[in-house]
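Please read the structure below before turning to the comments.
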Amino acid sequence: MKETEKNKPNQVNLVEDNRSNDLRQSPMMAHLQDALEKGTDIGHYGRLTFAMIARHFLKEDELIRLLGNQPDHNEDEARALVSQVKARNYNPPRRERLLEWQSQQDFPICPNSDDTGSCNVYAELKFPNGIYENIQEFYEKQTGDSEA
């Protein structure tokens, strides 16, 4: 009995899907990572987006190295950004938030924003279960607050 329970999929994962543990399987994240590796300025919200998502897939040193490769942004600033994102336990942003942020800077965070199916990291990437639990709690609080 215990062996069977042990092999059951986690209840948070309701269905098997095609989401990936490879950050580069998200076209948006591959776009951001490529720009970071080239030293292209991806803007404040691009860096924030990358940190909020990539921290679940890359080692911290690699994340800081990439973010520290920005014009006018060094390793200390990158370390501070990563530290802030971790301390506040920011959830990865939804597509709507990404597009809002993108409108406030020059660099396109979402490279194909006209495609409504693009830049949805929740559909593309498999995050740790705690992320989905945090999101569920957030929406439950929002629903409870609006009904009061």
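The values are calculated or read from the model by the stated rules, or taken from the named source; none is laboratory data. Just so it is clear, the structure is predicted and the values come from calculations on it, not from any experiment. Cβ placement follows ideal geometry from the backbone for every residue including glycine, while neighbour counts extend to all protein chains displayed.
Worth pointing out:
- The residue pairs whose first member lies in region 37-65 and is of a type in the set (Asp, Glu), whose second member is in a helix (DSSP H, G or I) and surrounded by 16 or more Cβ atoms within 10 Å (Cβ to Cβ), and whose beta carbons are closer than 8 Å, counting only pairs six or more residues apart or on different chains, are GLU37/LEU66; GLU60/VAL82.
- Highlighted here are the helices (runs of 4 or more DSSP H) found entirely within region 1-113 that include at least 3 residues which are at pLDDT 95 or above, touching a helix residue (DSSP H, G or I) at 6+ places or on another chain (Cβ under 9 Å) and of a type in the set (A, V, I, L, M): 27-38, 43-54, 60-67, 75-87.
- First in region 70-96 and surrounded by 18 or more Cβ atoms within 10 Å (Cβ to Cβ), second anywhere and among the acidic types (Asp, Glu), Cβ under 6 Å, 6 or more apart: GLN70/ASP41
- Listed by first and then second residue, the pairs with beta-carbon distance under 9 Å, at least 6 apart or on different chains, first residue in region 99-114 and over 12 Å from GLY43 (Cα atoms), second polar (S, T, N, Q) and part of a helix (DSSP H, G or I), are CYS110/GLN102; SER113/GLN102.
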